[in-house]
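Scroll down for the structure; my scribbles are underneath it.
The values are calculated or read from the model by the stated rules, or taken from the named source; none is laboratory data. In this text the structure is predicted, and so the values were computed from the model without any measurement. All Cβ positions, even for glycine, are placed from backbone atoms using ideal geometry, and neighbour counts span all protein chains on display. Ligands, DNA and RNA are excluded from the accessible area calculation, which covers all protein heavy atoms including side chains. Shrake-Rupley method; radii C 1.70, N 1.55, O 1.52, S 1.80 Å.
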Amino acid sequence: MSGLGLGIAMLWFSLLVLIPLTAVMVTAVDGGWDTFWAAVTNAQTAAAIRLTVFTAVGVTLVNIVMGPIIAWVLVRDRFPGKAVLEILIDIPFALPTIVAGLVLLSLYGSDSPIGIDIVNQRPAVFVAFLFVTLPFIVRMVQPVLEELDRDVEEAAASLGASRFTTFRRVILPSLTPAIAAGAALSFARGVSEYGSLVLLSGNLPNKTEVTSVRILSSIENDQRASAAAVAAVLLVISLVVIVVLDIIQRRVARRG
């Protein structure tokens, strides 16, 4: 049965992941390496890649800090409205991304009720990425925190460990795998996001255009090889980020 289960799992994984990824890579180099290089180093495309990757990295770093803090508050604190906050955390998961874009446009557009107008500006991309990636680290860390044995923390405190030492040596090593997994999901969602920012950012070439918009534009212009080339670059970058995060979390867990 184990062999049959493995075969079914690998077949399903191949149909959904391996074969499509292979097709993208083949299409990307279909016109030769010169065509591939020209597609990804085009000034407009390169600007879109830089904006997307750097913004996704910045948003992921913010989430690495804020995600565990929010999860800690939800698990360890008791306060009025906690149940409502638990529901609100999942709104970015539930909303269609284009609806999220409309919500952000209403809040941060020219008619902003809070007086902040970031339409057609780079901060719009950052805010959109923050909105759609908010739940990932929170929801990865929260169940781990709930399962942590409080007796271990109390024992460390009774032995004279400070709160910071207890967090660094007892709590953080347990949370690091969840934080790393959430960070990987956050980054991947950021580099692939489209709907939540298409209304807010304005998709201005060399300014607020992200790679998802650039890929769509290439497909609409029947430049499938160029679209696949950009997708392949993002795939490699995402893979590198995932590997780096895995290495970091392993080292932190060992030192803890």
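Brief remarks on what is shown
Conditions tested, residue by residue: (1) crowded, with 17+ Cβ neighbours inside 10 Å; (2) under 17 Å from ALA188 (Cβ atoms); (3) not small (Gly, Ala, Ser).
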| residue | (1), (2), (3) |
| --- | --- |
| LEU4 | no, no, yes |
| GLY32 | no, no, no |
| THR35 | no, no, yes |
| GLN44 | no, no, yes |
| ILE49 | yes, yes, yes |
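- Yes/no for ARG163 being closer than 24 Å to ASN63 by Cβ, without any contact (Cβ under 8 Å) to a residue 40 or more places away in the chain and of a type outside the set (Val, Ile, Thr): yes
- Residue check, GLU146 surrounded by fewer than 22 Cβ atoms within 10 Å (Cβ to Cβ) and modelled with pLDDT of 85 or more: yes
- Here LEU245, LEU234, LEU197, LEU239 are screened, and the one residue that is out of contact with any helix residue (DSSP H, G or I) (no Cβ under 7 Å at 6 or more places or on another chain) and either among the aliphatic types (A, V, I, L, M) or under 18 Å from GLY67 (Cα atoms) (or both) is LEU239.
- Filter pass, SER238 being within 21 Å of LEU21 (Cβ to Cβ), at pLDDT 85 or above, surrounded by fewer than 20 Cβ atoms within 10 Å (Cβ to Cβ) and among the small types (Gly, Ala, Ser): yes
- The residues of region 199-221 that are in a helix (DSSP H, G or I) and within 10 Å of GLN44 (Cβ to Cβ), listed by number, are ARG214, SER217.
- A single entry from PRO135, PRO92, PRO80 fulfils the requirement of being open to solvent by 40 Å² or more (accessible area, probe 1.4 Å) and either over 30 Å from GLY202 (Cα atoms) or assigned to a helix (DSSP H, G or I) (or both): PRO80.
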